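The values are calculated or read from the model by the stated rules, or taken from the named source; none is laboratory data. What you see is a predicted model, and the numbers here were worked out from it, not measured in a lab. As a convention, Cβ positions derive from the backbone with ideal geometry for all residues, glycine included, and neighbour counts pool all protein chains shown. Note: accessible area is taken over every heavy atom of the protein model, side chains too, but ligands, DNA and RNA are not part of it. Shrake-Rupley method; radii C 1.70, N 1.55, O 1.52, S 1.80 Å.
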Amino acid sequence: MDKINIKKVAVIGSGIMGSRIACHLSNIGLSVILLDICPTELNEKEKKLNKTLKDKSVRNRIVNDSLLNSINSKPSPLFLKSLTDNIVTGNLEDDTHLISNVDWIIEAVVENLEIKKNVYDLIEKHRSNKTIISTNTSGIPIKQISEGRSKNFKELFLGTHFFNPPRYLRLLEIIPGKETKKTVIDFFIDFGSKTLGKETVICKDTPAFIANRLGIYSLMSTIHSVEKFNLKVSEVDFLTGPIIGRPKSATFRTMDVVGLDTAVNVSNNLLKDLKEDESVSMFKLPGSVKKLYNNKQWGDKTGKGFYKKEVDEKGKKTFYEINLNTDKYETYENNQDKELLNIKKEESLDKRITDLVSLKTKHGDFYRSIFYDSFRYCSLRIPEVSDDIYKIDKAICSGFGWKKGPFETWDAIGVEKVFNEMLKLKLKPAPWVEEMLSLGIKSFYKFSNNKKHFYDIKEKQHKPIPGSEDLVVLDAFKENDVVWSNKGVTLYDIKDGVLNLEFH
Ligand code: NAD
């Protein structure tokens with residue numbers, strides 16, 4: 001196979017992901033063709049202008065509106081607005097021939113296997129036999145998508161799973177199929193990290209791969225806890241946001257950004273594909289959330305979801321949250337719980353997490369429930385979704401913007417302490433955790449020689465994280481290395497005659 005060189009890309013599907021992926025590819029100087037379906041009906045504006053379904057502006061309306069929405073969204077998917085010049089838009093009826101001379105085709109259409117397969121029929125008719133083809137599916141196994149395709153297709157096909165928003169979230173999961181050429185996989189690991197600026201993680205071809213399988217489990221377990229602990233939507237977002245080192249969008253705001261329809265599609269596929277998973281029922285939506293889905297309250301893309309914003313004639317904005325008990329929107333106020341607000345002020349994330357799981361209130365019960373269940377679930381998914389704990393932490397942190405992954409969080413609270421509490425709560429983790437503790441190994445990670453080491457389950461010992469050999473890990477420096485400190489900064493001696501000034 002010739003050396004792979006990517007200059008021209010076609011993105012099929014211009015929704016939330018496709019249009020933003022197109023922007024990110026344009027950011028790095030690639031020329032991009034963005035295609036979507038033609039509308040089947042005229043909208044009011046088009047009717048007033050006496051347009052017909054044959055007019056080009058109508059035929060390209062879906063793709064052009066989607067791209068415009070993305071460009072105007074915040075945070076911006078583009079470094080510069082002028083970078084849209086690198087993107088040519090078109091539709092899947094008139095312009096598919098444009099994909100015949102691209103180097104890479106990314107499919108980002110709705111999360112529906114049948115629709116995706118139809119789109120690949122179309123792609124097959126027009127692509128060259130040198131073009132790499134990838135899917136951005138959130139969870140459909142690669143082997144199901146490529147089933148029945150030619151050998152040449154399968155050799156050049158893989159999953160390249162970007163996270164939302166693709167310019168900002170660092171994870172790129174690379175999911176090779178059984179027949180994907182090694183040159184294609186190696187190319188994407190390198191291209192993903194050096195050119196696209198992503199944290200690339202190779203995943204096994206299991207449903208929803210690593211980050212979504214475990215991240216969505218955690219999201220669903222949080223959503224189920226709302227009823228159990230009688231919490232409000234905004235209260236859960238406070239509890240699962242920056243206070244535990246996760247983005248401000250936390251749980252429900254994230255659902256609104258991602259789109260409840262996409263979340264439902266991914267969950268339904270998981271329910272169908274995960275027959276052997278002991279916790280599969282967690283992927284079933286609670287009744288209150290199903291109602292939102294049926295009412296098309298899908299979040300930002302339909303104007304309302306778990307939250308809703310109203311702007312009056314004077315431009316004054318009012319924000320509402322859904323009350324999941326009554327299905328009505330209510331105005332909300334910021335969390336006022338003094339104990340929680342005090343913990344939020346604490347600078348150390350490890351200390352905040354430890355304080356929160358020790359609370360004797362319903363909030364403490366909530367944290368113990370969501371953390372311990374997610375620790376149990378993640379430990380049981382090895383080796384199914386990954387052989388190594390660090391890949392799981394890396395995928396979840398870079399895919400969801402968390403500061404600490406499940407095993408890092410477990411370490412922060414104390415592996416043995418949590419293990420014993422989990423047994424009391426009937427949340428038994430995988431046997432390898434008990435084995436690790438019985439060997440006298442009390443943490444999943446440790447720092448030595450300025451390197452981060454992870455517990456290797458097969459070898460039953462800590463080993464340096466592969467790929468970090470040439471890095472100095474700043475977390476490895478502790479109190480002993482502090483040269484000077486005040487409220488604003490700490491100066492560390494990081495050896496080799498180098499000082500590191502850390503701003504607080
Ligand atoms: P979306 O609903 O915003 O966009 C889907 C696009 O598919 C739309 O532009 C629509 O016009 C197009 N489409 C609909 N029917 C079609 C058909 N019959 N043929 C061709 N195109 C059709 O969805 P999205 O969130 O952009 O998701 C796209 C893909 O990316 C899915 O596989 C999804 O699982 C995955 N993904 C989504 C997210 C997310 O946060 N939304 C994150 C990662 C991956």
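For the cross-link pairs Lys194/Lys248; Lys362/Lys426; Lys360/Lys424, the ones whose C-alpha atoms lie over 26 Å apart are Lys194/Lys248. Take every pair of alpha-carbon atoms less than 8 Å apart whose residues are at least six positions apart; their mean separation over the length of the chain yields a relative contact order of 10 percent. Put one equal scatterer on each alpha carbon of segment 329-387, apply the Debye formula with no solvent term, and list log10 I(q)/I(0) at q = 0.24 1/Å to two decimals. So the normalised log intensities work out to -0.97. Only Cα pairs under 8 Å and 6+ residues apart enter the sum, and on that basis the relative contact order of segment 48-200 stands at 15 percent. Counting only protein heavy atoms and using a 1.4 Å probe, what share of the accessible area of segment 395-467 belongs to carbon plus sulfur, as a whole percent? Carbon and sulfur atoms account for 54 percent of the accessible area of segment 395-467. Ratio of Rg to Rh for the chain: 0.97 [Cα atoms; Kirkwood radius as inverse mean 1/r over pairs]. Sorting 71-84, 388-401, 345-358 by their mean Cβ neighbour count within 10 Å, with the most densely packed peptide first, gives 388-401, 345-358, 71-84. The calculated P(r) of segment 34-76, using every Cα pair and 5 Å bins from 0, goes 5, 23, 27, 19, 14, 8, 4, 0 in percent. When its C-alpha radius of gyration is set against 2.2 N^0.38 Å (N residues), segment 126-219 gives a value of 1.06. Under a 5 Å amide H cut-off, with hydrogens placed 1.01 Å from N, Lys304 pairs with Trp298, Gly299 among residues at least 5 apart or on other chains. Percent of Cα-Cα pairs more than 17 Å apart in segment 138-179, please. In whole percent, the long-distance tail amounts to 37. Once you treat every alpha carbon in segment 1-143 as an equal point and sum by Debye, what is log10 I(q)/I(0) at q = 0.08, 0.15, 0.19 Å⁻¹? For the requested q values the scattering log ratios are -0.22, -0.76, -1.16.
Between segment 228-257 and segment 97-121, how far is it from one alpha carbon centroid to the other, in angstrom? Result: 34 Å between the Cα centres. When you restrict to C-alpha pairs under 8 Å that are six or more residues apart and normalise by the size of segment 465-504, the relative contact order lands at 27 percent. Other residues with beta-carbon under 15 Å from the beta-carbon of Asn268 carry, at +1 per Lys or Arg and -1 per Asp or Glu, a net charge of +1. For the chain, the longest principal axis of the Cα atoms and the long axis of helix 260-273 meet at an angle of about 80 degrees. Taking Cα atoms only, the orientation of helix 113-126 departs from the longest principal axis of the chain by about 50 degrees.
In order along segment 294-305, the phi-based Karplus estimate (6.51 cos²θ - 1.76 cosθ + 1.60, θ = phi - 60°) of 3J(HN,Hα) comes to 4, 8, 6, 8, 8, x, 3, 6, 10, x, 7, x Hz; Gly and Pro are listed as x. The ellipsoid that matches the Cα gyration tensor of segment 419-477 has semi-axes, each √(5λ) in whole angstrom, of 27, 12, 9, with the longest given first.
Charged neighbours of Asn230, selected by a Cβ distance under 12 Å, balance to 0 (K, R count +1; D, E count -1). To the nearest ten degrees, helix 415-424 and the longest principal axis of the Cα atoms of the chain are 80 degrees apart.
Distance between the C-alpha centres of segment 292-359 and segment 1-68: 33 Å, rounded to the whole angstrom.
Show me 149-160, 191-202, 319-330 ranked by packing, highest mean number of other Cβ atoms within 10 Å first.
149-160, 191-202, 319-330
Kindly work out what percent of the DSSP beta bridges joining two residues of the chain are antiparallel, to the nearest 5. Of the beta bridges lying entirely in the chain, close to 55 percent run antiparallel. Kirkwood hydrodynamic radius of segment 1-56, from the reciprocal of the average inverse Cα-Cα distance over all distinct pairs: 13.7 Å. Amide H contacts under 5 Å for Ile202: Ile174, restricted to partners 5 or more places along the chain or on a different chain, H placed in the peptide plane at 1.01 Å from N. Seen from Glu339, the other residues with C-beta closer than 13 Å to its C-beta sum to a net charge of +3, counting Lys and Arg as +1 and Asp and Glu as -1. The length gained on full extension between Ser150 and Asn112, counted as 0.36 nm times the residue separation minus their Cα-Cα distance, comes to 11.6 nm.
Per residue, how much accessible area does the chain show when a 1.4 Å probe rolls over the protein heavy atoms, in square angstrom? I get 48 Å² per residue for this part. Taking a temperature of 10 °C and a viscosity of 1.306 mPa s, what whole-number D in µm²/s does Stokes-Einstein yield for segment 170-320 with Rh from Kirkwood over alpha carbon pairs? The estimated diffusion coefficient comes to 90 µm²/s. Using a probe radius of 1.4 angstrom, the carbon and sulfur fraction of the accessible surface of segment 16-152 is 52%. Our estimate of slack between Val280 and Glu479, defined as 0.36 nm per intervening residue step minus the Cα-Cα distance, is 67.2 nm.
Considering helices alone, the calculated mean residue ellipticity of the chain at 222 nm is -11500 deg cm²/dmol, with DSSP H runs of length four and up weighted by -39500 (n - 2.57) and normalised per residue.
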